[in-house]
1. Between Arg258, Arg208, Arg193, which is of a type in the set (Lys, Arg), touching a Gly at 6+ places or on another chain (Cβ under 9 Å) and at pLDDT below 90?
2. Do you know which residues across the range 55-70 are under 50 Å from the mean Cα position of the chain (by Cα) and in a loop (DSSP other than H, G, I, E, B)?
3. Would you confirm whether any residue within the range 316-324 is of a type in the set (S, T, N, Q), touching a residue at least 60 places away in the same chain (Cβ under 8 Å) and closer than 22 Å to Arg435 by Cα?
4. Can you give me the number of residues within the range 385-406 that are touching a residue at least 40 places away in the same chain (Cβ under 8 Å) and not basic (Lys, Arg)?
5. Within the range 183-204, is even one residue touching a helix residue (DSSP H, G or I) at 6+ places or on another chain (Cβ under 8 Å), outside any strand (DSSP E or B), among the polar types (S, T, N, Q) and at negative phi?
6. Exactly one condition in (1) in contact (Cβ under 8 Å) with a residue 40 or more places away in the chain; (2) outside any helix (DSSP H, G or I) is false for Lys75; which is it?
7. Going through Ile187, Ile164 one at a time, which residue ends up being surrounded by 12 or more Cβ atoms within 10 Å (Cβ to Cβ) and in contact with a Phe, Trp or Tyr (Cβ under 6 Å, 6 or more places away or on another chain)?
8. Name the single residue that is farthest from Asn389 (Cα to Cα) among those in the range 421-432 being surrounded by fewer than 18 Cβ atoms within 10 Å (Cβ to Cβ) and touching a residue at least 12 places away in the same chain (Cβ under 8 Å).
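The values are calculated or read from the model by the stated rules, or taken from the named source; none is laboratory data. Model, not experiment: these values are computed from the prediction. Neighbour counts are summed over all protein chains in view; Cβ atoms, including those assigned to glycine, are modelled from backbone coordinates with ideal geometry.
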Amino acid sequence: MVKTKGHNAGEDSHYHQLILNSIDDYAIFTTDKHGFVSSWNTGAGQVLGYQADEIIGKDSAIFFTTGDLKKSANKKELKNAKRFGSAVDERYHVRKDGSVFWASGKMFPLLDTDGKHLGFTKVMRNLDERKMAEDQLNQLKNYAEAIVSNSRQPILVLTGDLIIYAANDAFYNLFGLHQKAAENSTIAMLGNRMFHIPELANLLEQVRKSGNAVENFELEHDWPSLGKKYFLINASKLKHPVNTSNLILFSVEDVTERKSFEQQKDDFISIASHEIKTPVTVIKSYAQILRKRAMDSGDQFLANTAEKVNEKTDKLMSLVGYLLDTSQLELGELIIKKTIFDLAGLITECVIELKLIDKHTFFVRGKKSVSVFADRVRISQVINNLLNNACKYSPPDKPVTVNIKMNKKLDMVTVSVTDEGIGIPKSEQLNLFKRFWRASSATSRKISGIGLGLHISKAIIGQHGGKIWLKSEKDKGSVFSFSLPTSKS
């Protein structure tokens, strides 16, 4: 029931009170001309925490914060409501328990039928949730702007609907855009639809729906104002310590010059490899002839010298082969000729050949025979690369173990090469299959190699429909594994 002070409640007043009590999400109360509470509905009790008999007759100034009371905000509200017919405020108010909340309120003068001023009616609503949402939104906006403004790299922040939320000058300058033109625009419509690119749309949709980040996506596009460009795109959900709004961080890196340089380097490698291969082949032939004649004449010193020349040309031919393979990989021309052969038998052959020149102890375990449909020469190249790496990076008194395991359900065979060597730090493992990349332990220990073996091995296994991976810890050895389909497909 609404309790009133100094008012004779008739039948109309009774129904009026029932209506007020049925509105429980709004605080509705009346005061006398001086601001003392004269009636109180159920909603007021829920919003402000007072029961009617606790608050009626008390000054409504109790609902104002100390700071607002010092500014006479309560008195100004009464004055403005009487003078202008209403007074609207949106501020923090105080509950019975002393807690504060954000509320929107409107006060009206209460007049009798003769127009005599009796007091005031106040309608108030708790806007704590809205205020919190606005504060978090502003906090997130500031957070996003801080991220983009502190980066030299072009960065864009998008909403879940792919609308421009924030961007830095580097982004606008790169694409010749103005900030005002980008406001409230979707990325697809930005700059006369210059970003309306199917690959880009699919990328952003993937991030938006799955939440999975996209890293270093290479986008080649002929831009209206920029010409043909190569960009590396990175996109991920924007993580904030408090606010979890669906924002996407989108960055662009112009790698056009780098791509041009890499192409020139690939062209040079291809040309140089072919140019080197012919004279090296000739040198090897002459070394073999010289060794044979030296052996026939009994000149052991000359024979040994010719043999060393022969060994060095073999290493040089191997290097040329790696460079040619790399060149073919970049052009998509690495030739794979598949036949059916015994993978376990090939592994045994590779181990026997390596035993002739290496002091390690080798173990071959698992399946004794398993047929695969693959390129025997290329798979031999992968096996030899993994075995040679295991030997190079582990002490000669430690064993190297090859394990062959079948997975009949997946129709796959897995080959693992395990060593007990220096291992590879986790921070370097992601880069290990990149071309020309070598682990820091290899360079610091002056272990020979140019960083192409694993890069080529990954490509060979990939073209067979398999995978290659590693498990390693520093100073605890490494396990390099690859899988191959066993069926003809």
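1. After ruling out the rest, the residue left standing is Arg208.
2. Correct list: Thr65 only.
3. no
4. 11
5. No, because not a single residue in the range 183-204 is touching a helix residue (DSSP H, G or I) at 6+ places or on another chain (Cβ under 8 Å), outside any strand (DSSP E or B), among the polar types (S, T, N, Q) and at negative phi.
6. Only one criterion in (1) in contact (Cβ under 8 Å) with a residue 40 or more places away in the chain; (2) outside any helix (DSSP H, G or I) is unmet by Lys75, namely (2).
7. Ile187
8. Lys426
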